[in-house]
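Notes to accompany the following structure.
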Amino acid sequence: QNGTDGHVQLQTVQGDFTSQYEPSAHLYALSGPWNIHALGTYQLQAKGKEDIRSQRNYASSTNAFLSEAKNEHRLHSETFRLGTVYAPNERNSLGMEGEYSHEADRYPTWSESSLMADGQQLATEGSYRQREQNRHYAVTFNLAHQLDSLGSALKFIADYTLKQTRGNNRYESCYMWSQLITLDSLYRNQTASDYGIFTADMQWLQVGRR
């Protein structure tokens, strides 16, 4: 029986410190010997903020502590998948599917603190920027052939996966003691990795008569 079925949906989360959107679409179609399916999803975190502040009071007027930290998380990702199965008769079928996905993540953080002890002040400030991207590619191919009416069959499946990862991190910090001594530090880290995996499998199932 031929036909088409599909749906589209949207999910969202809203708040004072977060904002997320997740649309998706699915499609299924059957036409004669062809069976086709498609999928597309997208995720966007447009806003994800957090602000933490703290203060401590001491009995001595020469001691005090203040701190503040902020971070923001932003993420977007998408996935697309398309596959088809061709079955010209009851004994033979051929299928193929491809998929692509991508994810980008950003997570900057900032912090500041001030400590007063016996009239001396220690101030610190730091910022951390984290970025990461992942890409994924996958292709699958399968073939099935029924040898006889008893269930004997020959099956072959092969797939290839490629994943790429990129990272870029940066960290800065500054320490100041009574406005006389200042220490700065900077740290950077960049990473990249790529790997591909190919697999293939063949099965031959023979069913004998009793």
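If you go through segment 161-203 and keep only what is under 25 Å from Thr109 (Cβ atoms), open to solvent by less than 60 Å² (accessible area, probe 1.4 Å) and either at pLDDT 90 or above or in contact with a Ser or Thr (Cβ under 6 Å, 6 or more places away or on another chain) (or both), you end up with Thr165, Gly167, Ser173, Ser185, Ser193. Thr124 - would you say it is assigned to a strand (DSSP E or B), within 30 Å of Pro108 (Cα to Cα), at pLDDT below 85 and among the hydroxyl-bearing types (Ser, Thr, Tyr)? It is false that Thr124 is assigned to a strand (DSSP E or B), within 30 Å of Pro108 (Cα to Cα), at pLDDT below 85 and among the hydroxyl-bearing types (Ser, Thr, Tyr).
For residues that are out of contact with any Ser or Thr (no Cβ under 9 Å at 6 or more places or on another chain) and open to solvent by 70 Å² or more (accessible area, probe 1.4 Å), scanning just segment 142-160, find the one that is nearest to Trp204 (Cα to Cα). So, considering only residues that are out of contact with any Ser or Thr (no Cβ under 9 Å at 6 or more places or on another chain) and open to solvent by 70 Å² or more (accessible area, probe 1.4 Å), the one nearest to Trp204 (Cα to Cα) is Lys155.
Of the residues contained in segment 139-151, one or more are found to be touching a strand residue (DSSP E or B) at 6+ places or on another chain (Cβ under 9 Å), in a strand (DSSP E or B) and among the β-branched types (Val, Ile, Thr). Residue count for segment 37-84, restricted to those that are assigned to a strand (DSSP E or B) and either touching a Ser or Thr at 6+ places or on another chain (Cβ under 6 Å) or open to solvent by 80 Å² or more (accessible area, probe 1.4 Å) (or both): 23. Here Ser113 fulfils each of the conditions (1) of a type in the set (S, T, N, Q); (2) open to solvent by less than 50 Å² (accessible area, probe 1.4 Å); (3) outside any strand (DSSP E or B) apart from (3).
The values are calculated or read from the model by the stated rules, or taken from the named source; none is laboratory data. The shown structure was predicted, so the numbers you read here are calculated from the model rather than taken from an experiment. Methodologically, a virtual Cβ is constructed for each residue, glycine included, from the backbone with ideal geometry; neighbour enumeration extends over all protein chains shown. Just the protein is used for accessible areas: all its heavy atoms, side chains included, with ligands, DNA and RNA removed. Shrake-Rupley method; radii C 1.70, N 1.55, O 1.52, S 1.80 Å.
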